[in-house]
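I have placed the structure first, in the form of structure tokens, so that the comments after it can refer back to it.
The values are calculated or read from the model by the stated rules, or taken from the named source; none is laboratory data. Just so it is clear, the model here is predicted, and its values are computed rather than measured. Please note: Cβ atoms are built from the backbone with ideal geometry, for glycine as well, and neighbour counts cover all protein chains shown.
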Amino acid sequence: MPWNEQFECMPLADLRSFQLARLKETIAWVYERVPFYRNKLDEMGVKADDIKSLEDIVKLPFTVKNDLRDNYPFGLCAVPMKEVVRVHASSGTTGKPITGPYTAEDVDQWTECVARVLWAAGIRDEDIVQNSYGIGLFTGGLGLHQGATRIGCTVVPTSSGMTERQILLMKDFGTTALFCTPSYALTIAERAEELGTPIRDLPLRVGVFGAEPWTNAMRNEIEERMGISAVDIYGLTELGGPGMAYECQAKDGLHINEDHFLAEIINPVTLEPVAPGERGELVLTALQRRAMPLLRYRTKDITSLRRDKCSCGSTLIKMDRITGRSDDMLIINGVNVFPSQVESLLKDIQEVELQYQLVVGKKKHLDQVRLKVEARQDVYDAGPQKLDEVRNKIGNHIKEMLGISVNIELAAPKSITRSEGKAVRVIDERPR
Ligand code: ADP
Ligand code: ZN
């Protein structure tokens, strides 16, 4: 049974009318309170009453990251600061921070959304959860803290970093669930092996990992090394943090909390909706938020939507794993490539670790991409001939699967900086 049967198993017709009512309320809410939206809606000549069906959402303006930056810090806030009980800010992966104000009601809804995520992952009140997401301005830490607290778990708020202590506590406390980024999970797994305390020998049984793109290849690696079941959680500061979408134990797409967020997929160039099931940019509208409800927010994250019947019983629409953000997309010899596609292929190469970076440079007028990936110790020790062989193997595999030529650099074991939060997968060395 899901955490909230009423909303997670709602018949489609009921859900749609619920969403339509909330959408109209939200439009009216921001029209009255946020000059930015009033101007935009007036310019386009739309009012809440013009929205007669969910399809009419295309009449509404988009909101983009720059709108948040232009109105930094609280220009898009729809309530007086007196009603704001919390402010978070993005980790700023791509520039100036984005602020996220919350009313008490927003915090409560957010907590509900995260409780659904954790419950779907199989987490219950008897679990001892170690929360190794950064606790602070970043939404990941407090978001998962609140959700786990609502379920009644024993929460250990370690925050990220100090990996050896994470492992010590995990062992001493008998931690059963871990929350962090997938790249940090791998860092923990690796360090624990080095310390002679492999995580698979500990009681840990489930991981809820997100905040950055990752692949099934990475999931398999973590699940094997830790002896756990790992699920994906998605969210962004702009819409209130993690808990927007989540994998159930079917691990086949992420259910979207549709009573709170209306999802669309658009073609990022034409800005038109894509055909059902097609990939494109995820666009989200907050349906119940109070402090900063955004209309048609362009996430820049690339995915697709499908309304499958799920074995978990949830009727919520699913989005596929995010392959990456459009900002991280590389164009190599005219082919669009996400780091995650390279990650998937590395899993087929036994001689390397899943520790990699794509270094983008410029030669004459052409972008050049170098894949830096760590060799396993025994491979590295085998000498130059073996390394050449592995380099060719990776180069050929990528060429064959993605149709691009990439220079391969086999890095020394442990030479790529280990992630404690969001891993840096792309290093741009192009002159600006
Ligand atoms: P920042 O933009 O500084 O990274 P956020 O912490 O708000 O700030 O990050 C939200 C972004 O992180 C999303 O838009 C998406 O690109 C990425 N993200 C979050 N969760 C996932 C996930 N499960 N899979 C892929 N990408 C994710
Ligand atoms: Zn499901």
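Here are some notes:
- Some residue of the range 181-191 being more than 16 Å from ligand 2 (Cβ to nearest atom) and in a strand (DSSP E or B): no
- Taking residues in the range 68-85 that are over 16 Å from Arg290 (Cβ atoms), and partners anywhere that are surrounded by fewer than 17 Cβ atoms within 10 Å (Cβ to Cβ) and not hydrophobic (A, V, I, L, M, F, W, C), the pairs with Cβ atoms closer than 6 Å and at least 6 places apart or on different chains are Arg69/Lys96.
- Of the residues making up the range 1-44, those that are in a loop (DSSP other than H, G, I, E, B) and over 20 Å from Val114 (Cα atoms) number 2.
- Gly136 being without any contact (Cβ under 8 Å) to a residue 40 or more places away in the chain, in contact with a Gly (Cβ under 8 Å, 6 or more places away or on another chain) and of a type in the set (Gly, Ala, Ser): no
- Qualifying residue in the range 307-328 (condition: in a strand (DSSP E or B) and within 16 Å of ligand 2 (Cβ to nearest atom)): yes
- Enumeration of residues in the range 349-400 that are closer than 15 Å to Pro339 by Cα, assigned to a helix (DSSP H, G or I) and aliphatic (A, V, I, L, M): Ile394, Ile398
- Screening Arg69 against (1) part of a loop (DSSP other than H, G, I, E, B); (2) basic (Lys, Arg); (3) over 18 Å from Arg150 (Cα atoms) leaves a single unmet condition, (1).
- For the range 280-315, the set of residues classified as closer than 24 Å to Trp3 by Cα, of a type in the set (A, V, I, L, M, F, W, C), within 16 Å of ligand 1 (Cβ to nearest atom) and touching a residue at least 60 places away in the same chain (Cβ under 8 Å) consists of Ala286 only.
- Index of the failed condition, Glu105 passing every other in (1) under 26 Å from Thr299 (Cα atoms); (2) surrounded by 19 or more Cβ atoms within 10 Å (Cβ to Cβ); (3) among the acidic types (Asp, Glu): (2)
- Verdict on Gly334 being away from ligand 2 (no atom under 16 Å from the Cβ) and at positive phi: yes
- Residue in the range 252-259 that is closer than 30 Å to Asp172 by Cβ and away from ligand 1 (no atom under 11 Å from the Cβ) present: no
- Qualifying residue in the range 242-257 (condition: more than 25 Å from Arg124 (Cα to Cα) and either part of a loop (DSSP other than H, G, I, E, B) or assigned by TED's automatic domain parsing to the domain that holds Pro61 (or both)): no
- The listed residue being on the phi < 0 side of the Ramachandran plot, more than 16 Å from ligand 2 (Cβ to nearest atom) and touching a Phe, Trp or Tyr at 6+ places or on another chain (Cβ under 6 Å), out of Glu238, Glu224, Glu212: Glu238
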